[in-house]
1. With respect to Ser466, is the statement that it is out of contact with any helix residue (DSSP H, G or I) (no Cβ under 8 Å at 6 or more places or on another chain), of a type in the set (S, T, N, Q) and at pLDDT 85 or above true?
2. What residue, of Asp105, Asp136, is in contact with a Leu (Cβ under 9 Å, 6 or more places away or on another chain), in contact (Cβ under 8 Å) with a residue 60 or more places away in the chain and not small (Gly, Ala, Ser)?
3. Check off (1) within 13 Å of the chain's Cα centre (by Cα); (2) closer than 23 Å to Ser430 by Cβ for Gly299 and give me the number that stays unchecked.
4. Return the residues of region 59-117 that are assigned to a strand (DSSP E or B) and not hydrophobic (A, V, I, L, M, F, W, C); say none if nothing qualifies.
5. Looking at His238, His169, His186, can you tell me which residue is closer than 20 Å to Ala46 by Cβ and exposed (fewer than 15 other Cβ atoms within 10 Å of the Cβ)?
6. Out of all the residues in region 451-460, is one or more in contact with a strand residue (DSSP E or B) (Cβ under 6 Å, 6 or more places away or on another chain), at pLDDT 95 or above and not assigned by TED's automatic domain parsing to the domain that holds Ala51?
7. Does region 40-48 include one or more residues that are loosely packed, with under 15 Cβ neighbours inside 10 Å, within 17 Å of Val204 (Cβ to Cβ) and of a type outside the set (Phe, Trp, Tyr)?
8. Restricting attention to region 163-185, and to residues there that are in a loop (DSSP other than H, G, I, E, B), hydrophobic (A, V, I, L, M, F, W, C) and over 11 Å from Gly12 (Cβ atoms), which single residue is farthest from the chain's Cα centre (by Cα)?
Amino acid sequence: MTDYDADVLVVGAGPVGLTAALQLARWGLSVRLVDAASGPATTSRALGTHARSLEIYDQLGILGEIAPHGTRVNAFIRHHADRSTRLNFDFGDLVTRFPYMFNIDQVITERVLRGCVASAGVEVEWNTRLASFQHDEDTVTAVLCSGDGSGAGQETVRARYLWGCDGGHSTVRKTLRLPLAGEAAHTWLIADAIVRTDLARDGVHWLFPAGGALMLFPFPDPGKWRLLDTTGDGEAEHPAQIARQFSSKLSQVLGRDTLVDRPSWVSKFAIQQRAVPAMHVGRCFVSGDAAHVHSPASGQGLNTGIQDAYNLAWKLAMVLHGHADAALLDTYDAERVPIGQALLASTGEVMNTAMIDTTTSDAQDADRGFMRQLIRNMSGLSIAYPDSPLTVSDCTSGKGPRPGQRLSQISAADAQSPGWTALRELLRTSAWHLLIFPRSEHAPGREQTTEVTTSLPAWLDKVTISRSRLDPDQDDHGVWDSDGRVQDTLAATDGDWLLVRPDGYLSARGTGDTALRAAVNRLTTYLATRNGARK
């Protein structure tokens, strides 16, 4: 057998690479995590974290470390010459524990993730650049350069897989010759600064001075805002002038003197709207900005990248542990490439709307409709995989989550019920989960689910959910749903079962042994390895 230095070499220690390394390590894989930077970033970049990412943080078990450092944003507020319009976020039928946007400095998000990664046994190798790599059917052979890149610190690493989380200028993507197709749409300027203003700090503000548009996003820090100027006016090398420019424009629109302090960070950049047609080639993968770059106006970069990583990590783990054939990795492309492509259209529409002031009542009504759709799209809650090979359609449209949708369609109140609290904890383990609702005397005509669960594949954990207290000696993975909240929110009845993927999406649901046997057999056939060997 070929000797390897790591199961997976992850390139890039931003939030995407850190999420990837954390999940891989929790699945018991050996990981090398390298980054060309000399150390962690100290200046702000991504700010907005959306509902689906917060659900992922909860499933990762790190939400408690993230939550104290951010602030909730509940509305869009558009300012016109003589009025302002506040539109509170409306998620419609997309039920979630987190019906808001959560602003937190990316520096803090990365700090929390680094701590979790270190606790999982992986250290970031800073000042270590991926110089080149080759890959074949069995191995990825990479050359790493540490120090100043002169070659004195050169190392050859052999890994089973290579995962590029190395940003918009990705070495992995370029070496794989994956085209980042699209266009450079606009040039914008962004600055982080204290603003002397009484604007509501629970909203994203859109303003329209002469010549362009401004957007303001609140930081958790008192008085601090991110300011975005769609005209691109000003030079990042002159922060004092940038402060005066923003002060003048804000004062003009708000009709009162508004002072912007000297920014702590300024960046001027061309907005790129690009995505790759495929996210893996052989044993090599790309995620996050390495695979798709978008306008920052809707805050999709960090969120989509984390969702990429959460989608792929468990699939790599199953293949490397011999629970699945390498064909499972093809579902990463099938599920995530369309997401990146769809974001090109949605973020492009956001850019166009952000730069246009609405004056007529018809235009304002259309604007409100767009805003409502925008928050739904931004949230990530509507992302689903109904056509994935891992989804077993039940051909129904009943209540509760359907195959291909996320399981966690619950409110904050339901999530705190005894049953959901216990179930959320069990779902944090690295495995597929089979949720069983045993038949009771109140449902004598329904088929029981018993036989199949005695011979489950190794990658599947059974969780029994019952309104009656369970005997802990008979069921190690039982949930006492004392108030019936779990059963009600999942729209499950006695004898039902739900098959849940490691990333929290529902793969199948049904009733009784016959349907369960068919679903498990289908997935077992798809996931089973040809020879059981590590890939």
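The values are calculated or read from the model by the stated rules, or taken from the named source; none is laboratory data. Owing to the predicted nature of the structure, the values given are computational and were not obtained by experimental measurement. No Cβ is skipped: glycine too gets one built from the backbone with ideal geometry, and neighbour counts run over all protein chains shown.
1. yes
2. Asp105
3. All conditions are met except number (2).
4. Selection gives Thr71, Arg72, Arg78, His79, Ser84, Thr85, Arg86, Asn88, Asn103.
5. His169
6. Checked region 451-460: no residue is in contact with a strand residue (DSSP E or B) (Cβ under 6 Å, 6 or more places away or on another chain), at pLDDT 95 or above and not assigned by TED's automatic domain parsing to the domain that holds Ala51.
7. no
8. Top of the filtered list is Leu178.
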